[in-house]
Amino acid sequence: MSPPALRHDTYVPWLRPSYGILFVCFACFRLFRLCIVLLEVNAMSATALLSPEIPSQAEAQLAKETRNILAPFLSSTSSLDLRALNFATEPTIRIPASAARLLVQILDEMSRGNAVKIIPVHAELTTQEAADLLNVSRPTLIQMLDAGTLEYRKVGTHRRIRVDTLMAHKRKLDADRRAALAELSAYDQEIGI
């Protein structure tokens, strides 16, 4: 006899605390399979972006518990093996170490109540998406494109910016900001402020 259909707020009597780690692994397994399906579906779109969703309080709590269980296993560079609750019908999945670290980062952000958006490196962003990522206005981004600060390509009359190009520029801007802050801090130390 299978268990009854459950809502997210339903008490689960057949799930005892001793099965907690298995439940978390099963939830992680389902989350990973969902990510793969969503990435395959979105691979056909021009920018291959996933829409971010703010996690509910229950999802944030589950993400925190799952992160706390998975984080200790990330000290090694080997892959992570996960098993579902039903060992007979569900196979063991092997997650590469880099994907496991990314999963823990996603779970960490979700546990804080933050939405997470996955953007493949080869994706191209619209000017508005790129401006949002750089935290600048769209007109400022257009000025940067026209000045040649960022590489882009045109699709008809629309500009498209590659994520890897944008992230390299963002890292450069962040490094420049840190250098300017260090210089100001050193100047303040020098004059005794």
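Every number in this text was worked out from the coordinates using simple rules, so none of it is lab data. Not measured: the values here are computed from a predicted model. Because the Cβ atoms are built from the backbone with ideal geometry, glycine has one as well, and the counts that use them run over all protein chains shown.
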Can you give the FRET efficiency to the nearest 0.05 for ALA147 and LEU74, using r as the Cβ-Cβ distance and R₀ = 35 Å?
0.25
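For region 114-193, compute Rh as the Kirkwood radius over C-alpha pairs and then the Stokes-Einstein diffusion coefficient at 10 °C and 1.306 mPa s; write the answer in µm²/s, rounded to an integer.
111
Around ARG112, under 15 Å between beta carbons, what's the net of Lys plus Arg minus Asp minus Glu among the other residues?
Numbers: positive: LYS64, ARG67, LYS117; negative: GLU53, GLU59, GLU65, ASP108, GLU109.
Net local charge, ARG112 excluded: -2.
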Modelled FRET efficiency - R0 25 Å, THR157 with ILE119, Cβ distances, 0.05 increments:
0.60
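Magnitude of the Cβ-charge dipole of region 124-191, K/R +1 and D/E -1, about the Cα centre, nearest 20 debye?
Numbers: 11 positive and 11 negative charges, 89 e Å.
Roughly 420 debye for region 124-191.
Once you list every other residue whose beta carbon is under 10 Å from the beta carbon of THR92, what net charge do they have if Lys and Arg are +1 and Asp and Glu are -1?
Working: positive: ARG83, ARG94; negative: ASP81, GLU90.
Charge balance in the 10 Å sphere: 0.
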Please list, or write none, the aspartates and glutamates whose alpha carbon is within less than 18 Å of the alpha carbon of LYS117, excluding same-chain residues fewer than 8 places away.
GLU40, GLU53, GLU59, ASP108, GLU109, GLU129, ASP132, ASP164
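In the neighborhood of PRO55, defined by Cβ-to-Cβ distances under 14 Å, what is the net charge if each Lys or Arg adds +1 and each Asp or Glu adds -1?
Around PRO55, the surrounding residues sum to -1.
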Cβ-derived FRET efficiency at R0 45 Å, ASP81 paired with THR140, nearest 0.05
0.45
Out of residues 5 or more away from LEU80 or on other chains, whose amide H comes under 5 Å of its own, with H placed 1.01 Å from N in the peptide plane?
ILE95, ALA97
